[in-house]
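Read-outs: derived from the displayed coordinates by stated rules, not from any lab. Note that this is a predicted model, so its numbers are computed, not measured. Backbone-built Cβ (ideal geometry, glycine too); neighbour counts: all protein chains shown.
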4 protein chains.
Amino acid sequence: MAAPRPRRSDYVIFRPMQTRWMDNDVYGHMNNVVHYSLFDTSVNAWLIEQGLLDPATSESYGLVVETGCKYYAEMQFPDAVHAGLRIARIGSSSVRFEIGLFRNEEEEAAAEGFFVHVYVDRATHRPVAIEGARRSAFETLLV
Amino acid sequence: MAAPRPRRSDYVIFRPMQTRWMDNDVYGHMNNVVHYSLFDTSVNAWLIEQGLLDPATSESYGLVVETGCKYYAEMQFPDAVHAGLRIARIGSSSVRFEIGLFRNEEEEAAAEGFFVHVYVDRATHRPVAIEGARRSAFETLLV
Amino acid sequence: MAAPRPRRSDYVIFRPMQTRWMDNDVYGHMNNVVHYSLFDTSVNAWLIEQGLLDPATSESYGLVVETGCKYYAEMQFPDAVHAGLRIARIGSSSVRFEIGLFRNEEEEAAAEGFFVHVYVDRATHRPVAIEGARRSAFETLLV
Amino acid sequence: MAAPRPRRSDYVIFRPMQTRWMDNDVYGHMNNVVHYSLFDTSVNAWLIEQGLLDPATSESYGLVVETGCKYYAEMQFPDAVHAGLRIARIGSSSVRFEIGLFRNEEEEAAAEGFFVHVYVDRATHRPVAIEGARRSAFETLLV
């Protein structure tokens, strides 16, 4: 945690996200688990908007193989959260999304996390290559 | 279910709400439990915005004693949901909130629910009267 | 709420259920939404165990059309909860499950709820008749 | 992911954990977020059982500063999950819990994760030393 907290300028696109009453735990702040639901939502919403994912029918999709989060500051319902998104690495069949969560209008991230997807065939769960429109779209988020 | 589905004009105020990836269950639609989290969030967000509730410090707050929901049509992530809110009854210490959930721009509710709060003292959990600013605010939603 | 709280003897079968840290909200008790996740889980687990449901392949399944819950007493993580299950009505294509949630070893329910399923065809979402093994199994829970 | 999957013998104590219907997402497996709720629950349940935490009153408690998870294999409701727990490091005010999630009776972990707590004073949120009964209990899980 000696590394500086990320700032908004470290991310490529942003998505406003809402908190829910249930997100607060007994300590009155957003439970550490909820951050991952915001990561999951921001990545998949972007994929769907880009036309890269139809959860019911896509022949291949990203299976999550590793995730992580560093928590710098508390957030709580009814805060608005802004999720910054970038891609740190595009491999042959895997991609590493990185997400910063910003509380309300703050400039420094309250939390930062990552999400590694391996693209697999829906039927066989075997890895498939990231190519074509998927790779091109990923490159727009690459830093 | 012979009763007609509620329409937007049946509610007093509206709140845009987001769905999350996890809200969809294995059938590809928003799980029936999630509706209650949207009810909970829309009621409490309104209470907080009106200055009627500070979850950490309010001397009295609404304890949920009964809830219910009728499901008319499926919703799914990444739909936007609009929650319509009204109050159907204000008792001496209880209040009945009614919520309609509208999918994207639809005019008919995808679901309608209710939420009965009994106001209690934080320390003793004994009912307290709904009066003053709380009652006045509730009356603005009364239909 | 003038009706007496249900007792264990009012239900036919029981399932021990665990609470989770996140179930507690800022008031230190199990959030009202979580009860529905326990209802959902207890009904579907029973259906799966009885061989009546395979979520991925069953040609027909129960679509939830109405749910409700009355809350009599607080529960909280790490309580164990025992879910009592019974069926109150079996229609041509619908069934009403009723669930009592009992805190630890208590005899009176902390909450009671219901769950109305309409059986539909997976592909068309049209109602299908409850018959054969499904009806026979339901009758074992009928009170 | 070149490292071998952990086995049950890599953990000190185990806790049986239940899955819930809602844990399965649209792909029919336990959503990646749920793993963190199981981590959170297994660590806090152990702390409460050991008399090391009362969420409502403890003068100090563990604030989560970093978490992570590697996913090796899918799990799904209604699987039973066994959470293995160990401690990898006890610092002056921080502790690193490591958790393996085992599906039903499998010997190899379906997922492994970690959870770094910094102990803080409830009122000031300043770090406090891990000592006395807390440190002694932690040492029983140290590997």
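Given an 8 Å cut-off on Cα distances and at least 6 residues of separation, report the relative contact order of chain B as a percent.
Here the relative contact order equals 30 percent.
Sequence-distant or interchain residues sharing an amide H contact under 5 Å with D:Val12, placed H: which?
D:Leu85, D:Arg86
Between A:Arg15, A:Arg96, A:Arg126, find the one with the highest GNM mean-square fluctuation for chain A; connect C-alpha pairs within less than 10 Å.
A:Arg126
So what's chain D giving for Cα Rg divided by 2.2 N^0.38 Å, two decimals?
Dividing the Cα Rg of chain D by 2.2 N^0.38 Å gives 1.07.
Among C:Val128, C:Val116, D:Val33, D:Val143, rank each residue by its count of other Cβ atoms within 10 Å, from fewest to most, as a rough exposure measure.
By the 10 Å Cβ count, ascending: D:Val143, C:Val128, C:Val116, D:Val33.
Just which residue of chain B brings its Cβ nearest the axis of rotation onto chain C, and by how many angstrom, rounded whole?
Whole-Å result, nearest residue of chain B to the axis: B:Gly68, 2.
For the protein assembly as shown, give the magnitude of the charge dipole about the Cα centre (Cβ charges: +1 Lys/Arg, -1 Asp/Glu; no others), in debye to the nearest 20. Before the final figure, lay out the partial values.
Working: 56 positive and 76 negative charges, 0 e Å.
Using Cβ point charges on Lys, Arg, Asp and Glu, the protein assembly as shown gives about 0 debye.
Under the rule of -39500 (n - 2.57) per DSSP H run of 4 or more residues, summed and divided by the residues of the protein assembly as shown, what mean residue ellipticity at 222 nm is obtained, to the nearest 500 deg cm²/dmol?
Numbers: 8 runs with 96 residues, N = 572.
After summing the helix terms and dividing by the residues of the protein assembly as shown, the value is -5000 deg cm²/dmol.
To make sure I understand the rule: partners must be lysines, Cα under 16 Å from the Cα of A:Lys70, and not fewer than 8 residues away in the same chain. Which ones qualify?
Within the straight-line cut-off, A:Lys70 pairs with D:Lys70.
With an 8 Å cut-off on Cα pairs and a minimum separation of 6 or more residues, tell me the relative contact order of the range D:77-143 in percent.
Value for the range D:77-143: 32 percent.
Once you put a point 7 Å from the Cα of C:Ala133 and another 7 Å from the Cα of D:Ala88, both along the Cβ direction, what distance in nm separates them?
Between C:Ala133 and D:Ala88, the label points sit 4.6 nm apart.
How much length would be gained if the chain were fully extended between A:Glu107 and A:Arg126, taking 0.36 nm per residue of separation minus their Cα-Cα distance, in nm to one decimal?
Computed gain between A:Glu107 and A:Arg126 is 2.8 nm.
Could you give the radius of gyration (one decimal) and Dmax (whole number) of the Cα atoms in the protein assembly as shown, in Å?
Over the protein assembly as shown's Cα set, Rg and Dmax evaluate to 23.5, 65 Å.
Which distances, shortest first and in nm, link D:Pro4 to the matching position in the other copies, using label points set 7 Å out along Cα to C-beta?
4.4, 6.1, 6.9
How far is C:Asp121 from itself in the other copies, in nm, if each label sits 7 Å out from Cα along the Cα-Cβ line, shortest first?
In ascending order, 3.2, 6.1, 6.9 nm.
Put the label 7 Å from Cα along Cα→Cβ for D:Ser58; what are its distances to the other copies, in nanometres, shortest first?
Label point to label point, same position, other copies: 2.8, 3.9, 4.0 nm.
If you find the alpha carbon centre of the range A:41-91 and of the range C:87-102, how far apart are they in angstrom?
38
Averaged over its residues, how many other protein chain Cβ atoms are within 10 Å of peptide B:66-78's Cβ atoms?
Per-residue shielding by partner chains comes out at 5.
Please list, in order along the range C:29-38, the HN-Hα scalar couplings obtained from phi with the Karplus expression 6.51 cos²θ - 1.76 cosθ + 1.60 (θ = phi - 60°), rounded to whole Hz, x for Gly and Pro.
Each residue's phi maps through the Karplus curve to give 10, 4, 4, 4, 6, 4, 3, 5, 5, 5 Hz.
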